[in-house]
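Notes to accompany the following structure.
The values are calculated or read from the model by the stated rules, or taken from the named source; none is laboratory data. Quick caveat: nothing in here was measured; it's all calculated off a predicted structure. Cβ coordinates were reconstructed from backbone atoms using ideal geometry, including for glycine residues, and neighbour counts include every protein chain displayed.
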Amino acid sequence: MTITPGNTSSDLPGKPPVVDLATWQAAREELLVREKAHTHEGDAIAAARRRLPMVDLDGTVEVTGADGPVPFLDLFQGRDELVVYQHMWYDGAPHQGQCEGCTTMAWQVKDAVYLNARGVSFAILTSGSWGEVAPYVEFMGYTQPWYSVRDVEAPVGGEMGHITCFLRDGDRVFLTYSTTGRGNEPVSGFFALLDMTPYGRGEAWEDQPEGRHLTGGGSEAPSPEGHHACWYWRSDADGVATWGPTSRPVPQWTRPGATPVETLGRHGNHR
């Protein structure tokens, strides 16, 4: 059941026009043509990705996890494929001072059961020392295996903030793919869901309808720093998005013992 639409969207500034269901359906079907083309192009890119050349690596290089140093080959857990997320680390920083972007990524893969069902293992690598990483993993409640790759050369170690894929053939290990930046977005399904909503992500770079005022989705309070990319990855104890000294990465507020803070406590350089 629908109600009689208004003449224009002037009664709802910054919002789409109000129309009858048939008009909406026609516009929806027109957009669907573009969506399907986008999906098919994504399929073609994935096919090209599967045809990328590989790099032969030393699978005996050691990384450090809960059971101490182990060869990188062990991360496959007997499977043929491995996906890792390379988590940035700020030396000496408390939990709330660790990378909010990497926290967001790691939080999304709390269970790799569907990857495992397809013969793919998952692990998180980080440049932090294991002595600092272990209590953080416990605090966050992560169940996926974490490993320190401090002083390990790329592509296993090196630059963080990447999703990287590997293939195993017996005792041989190969690098097959790596991405970073917005290439990491497929891990975080909430991005795609926000993109389906009328307010989107609420970020300044987005193409918004005329008259749309960025106020953090449907809320009245403006968001920090002009809605820069991913402004909502941190919040204070009241859930207000902020990158100030009272904030934590958003997922941390669900953890026992995540109290209000007065400083990010971030010091030193991430490695």
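Descriptive notes on the structure:
- Of all residues making up segment 221-242, the number that are at pLDDT below 90, part of a loop (DSSP other than H, G, I, E, B) and loosely packed, with under 12 Cβ neighbours inside 10 Å: 1
- Only one of the listed residues (Asp91, Asp111) is surrounded by fewer than 18 Cβ atoms within 10 Å (Cβ to Cβ) and under 18 Å from the mean Cα position of the chain (by Cα). That residue is Asp111.
- Criterion: within 28 Å of Ser247 (Cβ to Cβ) and either surrounded by fewer than 16 Cβ atoms within 10 Å (Cβ to Cβ) or at pLDDT 95 or above (or both) - qualifying residue of Glu81, Glu100, Glu138: Glu138
- Positions within segment 186-201 being loosely packed, with under 11 Cβ neighbours inside 10 Å and in contact (Cβ under 8 Å) with a residue 24 or more places away in the chain, in sequence order: Gly189
- Leu75 closer than 23 Å to Glu138 by Cβ, of a type in the set (A, V, I, L, M, F, W, C) and crowded, with 19+ Cβ neighbours inside 10 Å: yes
- From Gly170, Gly157, residue being more than 20 Å from Gly257 (Cβ to Cβ), among the small types (Gly, Ala, Ser) and in contact with a Leu (Cβ under 8 Å, 6 or more places away or on another chain): Gly157
- Residue check, Ala204 surrounded by 12 or more Cβ atoms within 10 Å (Cβ to Cβ), in a loop (DSSP other than H, G, I, E, B) and modelled with pLDDT of 85 or more: no
- Among (1) of a type outside the set (Val, Ile, Thr); (2) more than 24 Å from the chain's Cα centre (by Cα); (3) more than 25 Å from Gly131 (Cβ to Cβ) - the single one Asp67 does not satisfy: (3)
- Condition met for Pro245 (modelled with pLDDT of 90 or more, over 20 Å from the mean Cα position of the chain (by Cα) and farther than 21 Å from Gln108 by Cα): no
- Of all residues making up segment 33-63, the number that are of a type in the set (A, V, I, L, M, F, W, C), closer than 30 Å to Val133 by Cα and outside any loop (DSSP other than H, G, I, E, B): 3
- The single residue among Val152, Val63, Val70, Val133 that is farther than 27 Å from Val261 by Cα, of a type in the set (Val, Ile, Thr) and crowded, with 19+ Cβ neighbours inside 10 Å turns out to be Val63.
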